[in-house]
Amino acid sequence: MNTNQADHDVNQKLVDQYTEIARLAGGLAHEIKNPLSTIRLNMELLAEDFAEGDSQRDRRALAKVQVVQRECLRLQELLDNFLSFAKVRKLDQEPSNLNLQVKRVIDFFRPKAAEAAIEIVDYLAPDLPTVLLDREAFHGALLNLVLNAEQAMPDGGQLVVRTSTVGDMVALDLIDTGCGMDAQTQEHIFDAFFSTKGSGSGLGLPTARKIVESHGGSISLQSELGHGTQFTIKLPLPARIEAVPAE
């Protein structure tokens, strides 16, 4: 057996092991969601019952029920994020103009940006080479990065979105003027369940990285505490694919 075949066998074994672990984890998450739905339904019924009461005891009970409801909702969101992270994706890639996908996310985010006093500035390179994308999966990854930038600018700021060609790659930069990250946070920012937000699941950025890497690309960041963050996505150029004209 030659070295290439041995490496292929090892990689395939790792893929098979990951697929089995992801399947088991997904099954466990689904099993948790079923009783959780029952708990949420009964909490809603209890909340309705206690809301009709006017005694101090009923008000205290309602407050406790509402705490359980909030925690159930948080757990539901965590399970949904985990299922998205653990899912083994079979990409449906097709020739795509990256600028169009970026504009789609920006247009979706623009009303929210206006409310948050965030100025969006885009420098999208003309005649950008075509790349292969699973458009829905990539949309989710890019939107996650944009929302992460919004959370880093609670008092408003500027989000710069830039595309370019770098060698045999297409690059996408997202630069915010937010709070930035220290070295320790940067080291762990793509780790599953790591979060600097009290209510965060810590799965958004790891899921985004997983999607980008499944496209054969890479994602990196540069950040300085108090001066903002830049995420850079690089995607490979496929051979002999005609460019998709920008609209």
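The values are calculated or read from the model by the stated rules, or taken from the named source; none is laboratory data. On a predicted model such as this, the values are computed, not experimentally measured, just so you know. Reconstructed Cβ throughout: ideal geometry from the backbone, glycine too, with neighbour counts over all protein chains shown.
Suppose the filter is modelled with pLDDT of 90 or more and of a type in the set (D, E, K, R); does Lys197 pass it? Quick ask: steps written out before the conclusion?
Working: modelled with pLDDT of 90 or more: no; of a type in the set (D, E, K, R): yes.
Spelling it out, it is not the case that Lys197 is modelled with pLDDT of 90 or more and of a type in the set (D, E, K, R).
Tell me, which residue of the range 113-131 that is over 24 Å from Pro236 (Cα atoms) and touching a residue at least 12 places away in the same chain (Cβ under 8 Å) is surrounded by the most Cβ atoms within 10 Å (Cβ to Cβ)? Don't jump to the end; show me each part of the working.
Going through the range 113-131, the residues over 24 Å from Pro236 (Cα atoms) turn out to be 113-121.
Checking which are touching a residue at least 12 places away in the same chain (Cβ under 8 Å) leaves us with 113, 116-121.
Details: Ala113: 20, Ala116: 16, Ala117: 12, Ile118: 22, Glu119: 12, Ile120: 16, Val121: 10.
Filtering first and then ranking leaves Ile118.
So, of the residues in the range 144-161 that are free of Cβ contacts under 8 Å to residues at least 60 places away in the same chain and hydrophobic (A, V, I, L, M, F, W, C), which turns out to be surrounded by the fewest Cβ atoms within 10 Å (Cβ to Cβ)?
Going through the qualifying residues, I end up with Leu147.
Could you check, for the range 213-231, whether at least one of its residues is buried (at least 17 other Cβ atoms within 10 Å of the Cβ), of a type in the set (Ser, Thr, Tyr) and at pLDDT below 85?
The answer is yes; a qualifying residue exists.
Mind telling me which of the residues Asp182, Asp168, Asp134 ends up being buried (at least 19 other Cβ atoms within 10 Å of the Cβ) and of a type outside the set (A, V, I, L, M)? Walk me through it before giving the result.
Values: Asp182 fails: buried (at least 19 other Cβ atoms within 10 Å of the Cβ); Asp168 fails: buried (at least 19 other Cβ atoms within 10 Å of the Cβ).
Result of the check over Asp182, Asp168, Asp134: Asp134.
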